[in-house]
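Enquirer: Dumping the structure here so I can ask a few things about it.
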Amino acid sequence: MSRPNWRHFDWPLLLAVLLVSILGVIMMISAVQGDPQLTTYPRRQAIYVAVGLALLLATAVLDYHLLTGFTVPLYGLVLVLLVLVGVLGKRLFGAQSWLDVFGLFPVQPSELAKVVLALVLARYLAARQEHIGRLGTIVGALLIAAPILIFVFLEPDLGMTIVLAVELGFLLFVAGIRWSHLAGGVVGLMAAAPLFWSILQDHQRTRLRIFLDPTADPNSYFNVQQALVSVGSGGLLGKGFGQGTQNQLHFLRVRHTDFIFSVIAEELGFVGACVLLLLLLFILWRLWRLAEQARDAYGRLLVVAVTAVILFQAVINIGMNMALVPVTGLPLPFVSYGGNAMLSFFLMIGLAESVAMRRQKINL
Amino acid sequence: MTTRPFDPTLRLWLLRLGTVLVFGLLLSRLAVMQFVRGPGYEQQAVANRVRVVLSEGERGVIYDRDGRILARNTVRFGVAVVPANLPDDPDHATSQAKRHAVYAEVIRILGEALSEYERTVTPTPTPSPRVFPPDLFPGISEPPAPTLLDLETIDRLVAERETGSAFAPVLIAENLPREVVLRLAEETYRLPGVELRLRPMRYYPAGADTAHIIGYMGPIPEETRTTYAEKGYSADAWVGWTGLEFTFEDVLRGRPGRRVIEVDVNGRERGVLGPETPPQPGHNLILSLDLELQQAMREALVAGINPKRSESAVAIALDPRTGFVLGMVSLPSYDNNIFADGITTAEYKAIAEARGTPLLNHAIGGIYPPGSTFKMVPAAAGLEEGVITPSTLLDDPGIIYLPNRNAPDNPLLAQPFVCWIYKYGGAHGAINVKEALSVSCDVFFYKLGGGWYATQFEGLGIDTLATYAQYFGFGELTGIDLPGEHRGLVPNPRWKRIAKGERWVTGDTYNMAIGQGDVLATPLQVALMTMAVANDGYLYRPQLVAAITDASSRLVRQMEPELIRRVPVSPQAMAVVREGLWMAVNTPAGTARAAALPGISVAGKTGTAEFFDPDTPRDGKGNLPTHAWFTAFAPYEDPEIVVTVFVYNGGEGSEVAVPIARRILEAYFDLKARDETTGTRSVLDRLLTPATETPAP
């Protein structure tokens, strides 16, 4: 096995991730002002970043090939945790996505599922590179992913289910799925859409309906409308840190998670929001570059899974703040409050760095 | 068959390109929102958080001339719960249990305090009939009973309110006595979410005695909403609806305070933006009215009329030197406090349509034939125009026949005109104008007004008579500082042609000369005519408000007497008319001898005005029903008070109206003597003296 090469460690990527995370912690201070129940959140978010950084470095040092031995046990663990959530998880926003392990701190198994799905599918598809053109290979990948997707969906967590599906899609695409299979899958999904609608939970249908027809429910529409006002009233330089009226007077709801981007756009303006967007784009650019430079297919697919999740969640969350996509409750990577998401994103960057430190010399 | 491993380079580049495109889309959306649509969103953000809060300044107090309060501010006590401050628990059942404990405790405390209050406090008996007839509105004039919601209703209302604005209080008890509210106030520290509510309201201590003058307040009427909004009234403000509360709304109201505040999403105040304007209390009104005289006038009226027969009655007292009103009673009256809580449409209708229309101020809004009181006008006009001299004699044979215009030689077609004395089998004979006024001879005034063909006596004629009636204020608004005045009617040939399609005939002039026919006047116009006779022709605008003071009782404005016009009648002619009125009271044949007071010389004119009303039957002899009038001034030598009494369907002026006026004059001079003995000066006099010192000649 190869030794870690610190010269190949992607320092700019880590720097960008840390900058975005620090921006998140700072804006958290502003977002929880005047909310006595949330005063500890910025400090806790900072601790998550610190722990996440340690986790990132530890994962980077670890050779990602060693993880193949843990893939199957991890897959089983995630399934067990997802089942436990259904039985023991506590209700939160109508979804049973949290599991309080021994009452210590809540664990969100679906966050772990993102990482495990990446590991198991990357290993499966890398091992079948020569047979990627066969339909059986594709069906096998779907069958592996299906239990996780179904359990997450049953929690019910629609947003995270879509994230996992997108992750699966990106992996199949980069692994080399035939265009014909891809097209067939897309047609199949569209045909299944009515069935899918019928099994959606009420609050998910409401969210979709409000997105399609904003006047349907004034109460829920209020949140999105206030996000638009927050972003739109930010202007070039923003209203200043801690000075955003929409944020500070709580016209903006769920400020520390779903709508943290609105807080940034309102208080730091176009300049601040641009910096955030460009940092995220930079992170994604570096990740695509790493995927290209990976030593082997397994490493490449790991990085692609990581990139897909970060890209999708960032676009959906920011798009939701600007009423481009429905409100799905997906956190903004590295910025929204939440220990599980923070640790899982840092773990994923750690995996990418692990691949980076073992990439081949560029021989062109 | 083995295939070559798939080369992902192309697809990775496609994804990289897609990533850049998506971020480009996000950036352009951000730029459009923040730059192109930014101003619109900024406005919305400001509208979200900025509120202008208006607070009404305390309304001014209304005093009588002696500083007795006629309108003041009070509060009504209530209890409310604020849903957002009630105990809360993530578990719904626990939360409900905690809240129910709070409701139950409030209900227990209030219930106990209320029953204790009712046991210990006996209601004060009503000192005197407040409305006439006294039993006109049982129940409505009582103060509203305390209300207290039950637990289920509170629970339901709180649940409804919580889905909307959880910070808006839910009223659970109202109209509580002060003592009961204080009991609860001691316990609120352990009852989270429970608040005491004070609702400012207007209180009128004199109630029905001054209701027509003070008026009342109510919510802004729909049709005047924009007018009041432009003046800075909030939509739920109350405004004067009638009486002085209406006329002096701008003075009483004062300036509202204005605060611009920043609120959070729940509407809670989070900060103050910009400078704050504190509310300025309104100004106070000091009336020329004397409440003691007013009450004596009401008592004199109630004692002097037969309520079964007379559905309404009026008494007015004016100062003829200035036009200021000393008292004004219109019966039936109502307790204006019943409007302080708002009133249902049914209740309003019941009062508005009750017998005698209690809401109408008959003194200014009722129009009646003035009858013989009107004779002052032809008397003054005849003397001034030279139609008669003080010594001109006109003969009253008891009945005269006015020949038919088309058949002057046929006595069967002639129209008879009788003097009132004719039905008692008498006649006044040849008398002069003073005697005619004192005995209220009708034939004298027929001839004076319309002429007498037999002696080729040229009367005044309708045009001159109507002109002088207008000089004395008939047919026009007096301009009193109250809403709801009627202008009355002075008929003339043109009016008759248009209104009735008939030609004016001499008989019409005859009728008008004795205040009958189509001439109609308000009791206040009769009082004003009397004022002009008493003071040599100075017709002053009647005023109730004599002075305006600020919240610290400093004089802001003194109302000056306002001359409507100088009636163009010489002092000599006016003196003759006055003498005729003096004779009516002070000579054996006079019609108003019952008005004589010991030590004070009174002068006056009675009136017994026939009226036609399908609902009021004629008497047994077929005579039309009559209103009783008497209008007087005193002292004769130097008049300082005019009293006018009107009793609807009262019968003879000399029998019904004169005794009432005598009591009022008596009360006035008794009160004056009392104040002079004790050396008391009214609050109004003390306030005005520094400002009214006559400059050195």
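The values are calculated or read from the model by the stated rules, or taken from the named source; none is laboratory data. Bear in mind the structure is a predicted one, so any value in this text is a computation, not a measurement. Reconstructed Cβ throughout: ideal geometry from the backbone, glycine too, with neighbour counts over all protein chains shown.
Enquirer: Please state which one of B:LYS500, B:LYS496 is basic (Lys, Arg) and in contact with a helix residue (DSSP H, G or I) (Cβ under 9 Å, 6 or more places away or on another chain).
Expert: Only one candidate qualifies: B:LYS496.
Enquirer: Go through region B:55-92 and give me each residue that's part of a loop (DSSP other than H, G, I, E, B), more than 28 Å from B:ILE172 (Cβ to Cβ) and among the aliphatic types (A, V, I, L, M).
Expert: Hit for region B:55-92 is B:VAL61, nothing else.
Enquirer: Being in contact with a helix residue (DSSP H, G or I) (Cβ under 9 Å, 6 or more places away or on another chain) and within 18 Å of B:LEU26 (Cα to Cα) is true for just one of A:VAL306, A:VAL315, A:VAL355. Which residue is that?
Expert: A:VAL315
Residue by residue, here is whether (1) closer than 30 Å to B:LEU301 by Cα; (2) over 36 Å from the mean Cα position of the chain (by Cα); (3) at pLDDT 80 or above holds:
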position	(1), (2), (3)
B:ARG68	yes, no, yes
B:VAL75	no, no, yes
B:ASP91	no, yes, no
B:TYR117	no, no, yes
B:PRO127	yes, no, no
B:ILE140	yes, no, no
B:GLU152	no, yes, yes
B:VAL158	no, yes, yes
B:ARG161	no, yes, no
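Enquirer: In region A:300-352, how many residues are within 14 Å of another protein chain (Cβ to nearest Cβ), surrounded by fewer than 24 Cβ atoms within 10 Å (Cβ to Cβ) and outside any helix (DSSP H, G or I)?
Expert: Total meeting the criteria: 4.
Enquirer: Among the numbered criteria (1) in a helix (DSSP H, G or I); (2) surrounded by fewer than 24 Cβ atoms within 10 Å (Cβ to Cβ); (3) touching a strand residue (DSSP E or B) at 6+ places or on another chain (Cβ under 9 Å), which single criterion is violated by B:THR467?
Expert: Status for B:THR467: all satisfied but (3).
Enquirer: Right, next: Which of the numbered conditions does B:GLY620 fail, given that it passes all the others? Conditions: (1) touching a residue at least 12 places away in the same chain (Cβ under 8 Å); (2) not in a helix (DSSP H, G or I).
Expert: (1)
Enquirer: Would you pick out the residues in region B:612-658 that are over 15 Å from B:GLY371 (Cβ atoms), β-branched (Val, Ile, Thr) and under 27 Å from the mean Cα position of the chain (by Cα)?
Expert: B:ILE641, B:VAL642, B:VAL643, listed by residue number.
Enquirer: Also, quick follow-up: When region B:627-683 is examined, which residues are found to be in a loop (DSSP other than H, G, I, E, B) and of a type in the set (Phe, Trp, Tyr)?
Expert: Correct list: B:TYR636, B:TYR648.
Enquirer: With respect to A:THR40, determine if the residue is modelled with pLDDT under 95, out of contact with any Pro (no Cβ under 7 Å at 6 or more places or on another chain) and over 22 Å from A:TRP288 (Cα atoms).
Expert: Judged against the criteria, A:THR40 is a match.
Enquirer: Evaluate region B:290-306: report whether one residue or more is assigned to a loop (DSSP other than H, G, I, E, B) and either β-branched (Val, Ile, Thr) or more than 30 Å from B:MET559 (Cα to Cα) (or both).
Expert: Yes, region B:290-306 contains at least one residue that is assigned to a loop (DSSP other than H, G, I, E, B) and either β-branched (Val, Ile, Thr) or more than 30 Å from B:MET559 (Cα to Cα) (or both).
Enquirer: Restricting the search to region B:236-289, which residues are without any contact (Cβ under 8 Å) to a residue 60 or more places away in the chain, surrounded by fewer than 20 Cβ atoms within 10 Å (Cβ to Cβ) and among the small types (Gly, Ala, Ser)?
Expert: Within region B:236-289, B:GLY271, B:GLY274 qualify.
Enquirer: Which one is surrounded by the fewest Cβ atoms within 10 Å (Cβ to Cβ) among residues in region A:230-259 that are under 21 Å from A:ILE316 (Cα atoms) and among the β-branched types (Val, Ile, Thr)?
Expert: A:VAL254
Enquirer: In region B:558-571, is there at least one residue being free of Cβ contacts under 8 Å to residues at least 40 places away in the same chain and more than 33 Å from the chain's Cα centre (by Cα)?
Expert: Yes, the conditions are met somewhere in region B:558-571.
Enquirer: Could you run through region A:127-143 and say how many residues are within 10 Å of chain B (Cβ to nearest Cβ) and under 26 Å from the mean Cα position of the chain (by Cα)?
Expert: 0
Enquirer: Here's something else I'd like to know. Could you figure out which of (1) in contact with a strand residue (DSSP E or B) (Cβ under 6 Å, 6 or more places away or on another chain); (2) charged (D, E, K, R); (3) surrounded by fewer than 24 Cβ atoms within 10 Å (Cβ to Cβ) isn't true of B:LYS605?
Expert: B:LYS605 satisfies every listed condition except (3).
Enquirer: When you go through (1) surrounded by 14 or more Cβ atoms within 10 Å (Cβ to Cβ); (2) within 7 Å of chain A (Cβ to nearest Cβ); (3) touching an Asp or Glu at 6+ places or on another chain (Cβ under 9 Å) one by one for B:PHE23, which number turns out not to apply?
Expert: (3)
Enquirer: Out of all the residues in region B:499-515, which are farther than 17 Å from B:ARG405 by Cβ, modelled with pLDDT of 95 or more and part of a helix (DSSP H, G or I)?
Expert: Hits for region B:499-515 are B:MET512, B:ALA513.
Enquirer: I'm trying to understand the selection: among the residues of region B:307-323, which are assigned to a loop (DSSP other than H, G, I, E, B) and touching a residue at least 24 places away in the same chain (Cβ under 8 Å)?
Expert: B:PRO307, B:ARG309, B:SER310, B:GLU311, B:SER312, B:ASP319, B:PRO320, B:ARG321, B:THR322, B:GLY323 - these are the residues of region B:307-323 that are assigned to a loop (DSSP other than H, G, I, E, B) and touching a residue at least 24 places away in the same chain (Cβ under 8 Å).
Enquirer: Let me ask something else about it. How many residues does region A:106-125 contain that are within 14 Å of chain B (Cβ to nearest Cβ) and surrounded by fewer than 19 Cβ atoms within 10 Å (Cβ to Cβ)?
Expert: 0
Enquirer: If you take the residues of region B:400-429 that are under 21 Å from B:THR373 (Cα atoms), in contact with a strand residue (DSSP E or B) (Cβ under 6 Å, 6 or more places away or on another chain) and of a type in the set (A, V, I, L, M, F, W, C), which of them is surrounded by the most Cβ atoms within 10 Å (Cβ to Cβ)?
Expert: Among those residues, the one meeting the criterion is B:CYS419.
Enquirer: Can you tell me which condition B:LEU86 does not meet? The list is (1) at pLDDT 90 or above; (2) surrounded by 18 or more Cβ atoms within 10 Å (Cβ to Cβ); (3) not β-branched (Val, Ile, Thr), and all the others hold.
Expert: (1)
Enquirer: Among B:GLY507, B:GLY515, which is the only one that is more than 30 Å from B:ILE214 (Cβ to Cβ), surrounded by fewer than 22 Cβ atoms within 10 Å (Cβ to Cβ) and in contact (Cβ under 8 Å) with a residue 40 or more places away in the chain?
Expert: The unique qualifying residue is B:GLY507.
Enquirer: Can you tell which of B:THR478, B:THR530 is in contact with a helix residue (DSSP H, G or I) (Cβ under 8 Å, 6 or more places away or on another chain), in a loop (DSSP other than H, G, I, E, B) and closer than 22 Å to B:GLY323 by Cα?
Expert: One residue alone meets the criteria, B:THR478.
Enquirer: Looking at this structure, is A:ALA95 among the aliphatic types (A, V, I, L, M) and modelled with pLDDT of 85 or more?
Expert: It is false that A:ALA95 is among the aliphatic types (A, V, I, L, M) and modelled with pLDDT of 85 or more.
Enquirer: Check region B:32-53 and report whether any residue there is surrounded by 15 or more Cβ atoms within 10 Å (Cβ to Cβ), more than 14 Å from every other protein chain (Cβ to nearest Cβ) and either of a type in the set (Val, Ile, Thr) or part of a helix (DSSP H, G or I) (or both).
Expert: Checking region B:32-53: at least one residue is surrounded by 15 or more Cβ atoms within 10 Å (Cβ to Cβ), more than 14 Å from every other protein chain (Cβ to nearest Cβ) and either of a type in the set (Val, Ile, Thr) or part of a helix (DSSP H, G or I) (or both).
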